[in-house]
Every structure is written in C-alpha cells, then in structure tokens.
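The values are calculated or read from the model by the stated rules, or taken from the named source; none is laboratory data. Since this is a predicted model, take the numbers as computed values, not measurements. Cβ atoms come from the backbone with ideal geometry, glycine included; neighbour counts cover every protein chain shown. The protein model used for the area step is the full one, side chains on, heavy atoms only, and it has no ligands, DNA or RNA in it. Shrake-Rupley method; radii C 1.70, N 1.55, O 1.52, S 1.80 Å.
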Amino acid sequence: SHAPPRAASRRPTMPAPGEFPLGAPGLRRRRRRGPSTGGEAGPGRGRWREASVGAIGRRAVVVVALVCLLSWPVLRQGRFSALCFDALRARPEKFSLPLRASSAQHLHRRHDRRLTSACARDSSPPPLPQGPLGRRCLLASQAALGVGLAASLGDAGNAARAAALRGDAGGGGAGTAVVDGLQAVGPVDVAGFPIWESEADSGAVQQLIRDAGPEGAVLGTPAADWPGLWRVVYAPHIRTLGSLALSKFDVYYDIFPVTGGGLGVRSFVRFEGPAWAGWLSAAGRVREVEPPLEVPGFGPRPTSEIDFTDFWVDLDKSQPRTTPDEADDVLRRIAAPFFIKEISRFPTLLFDPRRGLTIFRFPPLGVEIAASRIGPSGSAVRPLNR
C-alpha cells in the first residue's frame, strides 16, 4: 500500500540568489557577497546599488529644480552676475577668488552690458495681451477707462449745472437763478408734482444756503411772516420714497392764525399711483422752539416744531377735507402713537418772507426741504389728476 502524501510545509521558502525581492514585507534586506575567490558582487548587491543610485538621482533632480525655480527671477532679469560682482567688490575679504585686473574689467563690462540691456528691455512698451483671456483683460481695462471718463464728464456737467442754477454762469446775483427755479414749479396750475419737476440739485441748494448765511435763516415775526399755503418744491427723500412705493407725492402746509394766539398748521399730501390715489391729511400746531438745533456745517439755526394731533384720509377725492369728522376718530387713535414730536423739529436754513421761500433741514435723514408760498392761507390745492 502507498503511504498518504504529506501536507505541504507552511514555512516560507527563501528566494534563490538573484531573486531577492527588495523591500519585501517581513523580510530583512541583506547584501549578498559574491564568492571570496572571484571578488565580484552578486546579483542581489547590484540591484541594491541600482535602487540607491535611482533614489539619489531623483532627489538631486528635485533639489536642482527647486533651486532653479527660486533663482529664476534673478536669472531671467540678467542680474545674477551683477549681484555676484557687487558682492565681490563690496566685501573682497570674504572671498578667496584671485581676480586679475583683466577679469575685473571683463566683469565690469559684462555688468554694464547687462544693465544696458535690462534698461532697454524695461523701456520698451509691453506687448499686447494675446489669447481670449488677454483680450478680455484689455477690453475690461478699456471699459473701466471709459466709465471713469464718463464719470468725470458727469461731475463736470453737474458742477456747471449747479453754477448755472446759482446764477454764477449768467453773471446775475448769487442764488437768484436757483430761487427762481424753485418758485417756478410752485403754482398749482404749473406743475403737477414739483418735487419731480424741479431742476434744482443738492449742490445748488447748499450753495444758496451758504450764500445766505446765518442772517438769512432768521424766522422773523411768526404771526406776520409765516401764514400762507406753502408747497414743497424740493425734497430728495420724498422722491426716493415715491420711486420705492411706485407713487408720486405732492405736499402742502397751510399755516394760519389760531384764535387765542399761536399758529395752526394743516398738512395735505396728495399721492397718486398705478391703482390708488388720494390724500393723507393732518392738523396741529406750529411754533418756534428753543434752543436752536445744531446743523452740521452751518452751526445753530432757528428751529420750528410741528405737533400734529389729528389725522384723516380721503381716497379718490378731488380735494381733501380741511377738518376731520367723527368717523376719523379711530384713525386718529391709531396714528397718534406713531407721531414722534422729537423728530418733528426742523432747523431753518433759509427764510425769505418777502419772496416766499424757505429751506429747512429734516434731521433724521439729514436732507434739505424747500417750500414756496403759493397763496394765502385757505387757498385751494391742486386736485387729483383723475
């Protein structure tokens, strides 16, 4: 009978000479020496040397590449030899290079040639950008130049326009043109919405206030100089609000004497939009208060205060009511808590009762409001356009 076959041994077999796997896991790297008689290295030692030389070569290539990358800006501009020569001439004791006179002159000439060529290269105009990206950059720079030029021309146009409104361009009195322009849009039969139709700008109004000085803001005698129907002809913040609300606003202040002393005021605001129109009205008292408010850039100016106590609304009516009804009591109670007296104080910047023009500041927003007197108290306002 035949004996059963033996199980295969689990011990790993050693590789034959010349087949030793470099870096095999779990095995120790060894150097195999050739026969002592021949003195030649075995095949295993040869492969180990080839691997070591390959690793050293790769590292050397990486080092050389890094050095070239770091020194490329200096080499590209042609300043490497100039830097070396400057270092040698500044600290010759630090170097042990025996330079002859001819060598030094040669370095001088090379250094001069390098500097001359570098200056020639730097003075030449840069090449135009090529490729899609370069063309886009060139177009973007031209567009930016065009926008800047347009902005400069626009600023110059605004300055000339402000000068014309002040009357400086035509040789007239300072501020005459801007006053005439503000009053021209005041009458109810001329302008539908003077805030939108006025051509006065902020620069012209500011200059008009400066030319008038503090003396031009004196409020005079309220009982004699204030009464009348005043129409707002300049209010940039109302124009901004109207553009956001898709509406236009026409604002009136009717100031009148009150029995027992003092002055009363009624405010009528006509609003018209794509699908809505009507009047927002309020009534109360107006008076001068102390101390005067400080206006940045102008100093303390005479200040007036409006205290509204009644509020009512008229929708789709040609003319507003002059007094509220009992049915408006609910609206009055709702609107009264939202009226803040502290922000209803207006420092006066210009008051000309003879010509019927006033300019005052709205402190919460820091903007000017101009109003023109278009008639005595109780005059009719412009009706709705519908």
Open item on the list: Just checking, does segment 289-303 include any residue being buried (at least 16 other Cβ atoms within 10 Å of the Cβ), at pLDDT 95 or above, in a strand (DSSP E or B) and touching a helix residue (DSSP H, G or I) at 6+ places or on another chain (Cβ under 8 Å)?
Closed with: yes
Task: Odd one out for residue 264, checked against (1) modelled with pLDDT of 95 or more; (2) closer than 19 Å to residue 182 by Cβ - done: (2)
Task: Members of segment 305-351 that are of a type in the set (Gly, Ala, Ser), closer than 30 Å to residue 206 by Cβ and open to solvent by 80 Å² or more (accessible area, probe 1.4 Å) - done: none
- [ ] Having 3 or more residues that are surrounded by 15 or more Cβ atoms within 10 Å (Cβ to Cβ) and touching a residue at least 40 places away in the same chain (Cβ under 8 Å) is the bar; report the helices (runs of 4 or more DSSP H) wholly within segment 169-229 that clear it.
- [x] 176-184, 194-197, 202-212
Open item on the list: Whether any residue in segment 359-372 is modelled with pLDDT of 95 or more, of a type outside the set (A, V, I, L, M), more than 17 Å from residue 203 (Cα to Cα) and not in a strand (DSSP E or B) is what I want to check.
Closed with: no
- [ ] Only residues that are surrounded by fewer than 20 Cβ atoms within 10 Å (Cβ to Cβ), in contact (Cβ under 8 Å) with a residue 24 or more places away in the chain and either assigned to a helix (DSSP H, G or I) or more than 35 Å from the chain's Cα centre (by Cα) (or both): list them for segment 243-252, please.
- [x] 245
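Anything in segment 345-358 that is touching a residue at least 12 places away in the same chain (Cβ under 8 Å) and either on the phi > 0 side of the Ramachandran plot or outside any strand (DSSP E or B) (or both)? List them, or say none. Walk me through it before giving the result.
First pass over segment 345-358, keeping only residues touching a residue at least 12 places away in the same chain (Cβ under 8 Å): 345-353, 355-358.
Selection gives 353, 355, 356.
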Task: Unmet criterion (only one of (1) surrounded by 14 or more Cβ atoms within 10 Å (Cβ to Cβ); (2) of a type in the set (D, E, K, R); (3) touching a strand residue (DSSP E or B) at 6+ places or on another chain (Cβ under 6 Å)) for residue 239 - done: (3)
Open item on the list: If I filter segment 259-274 for residues that are open to solvent by 40 Å² or more (accessible area, probe 1.4 Å) and under 38 Å from the mean Cα position of the chain (by Cα), do I get at least one hit?
Closed with: yes
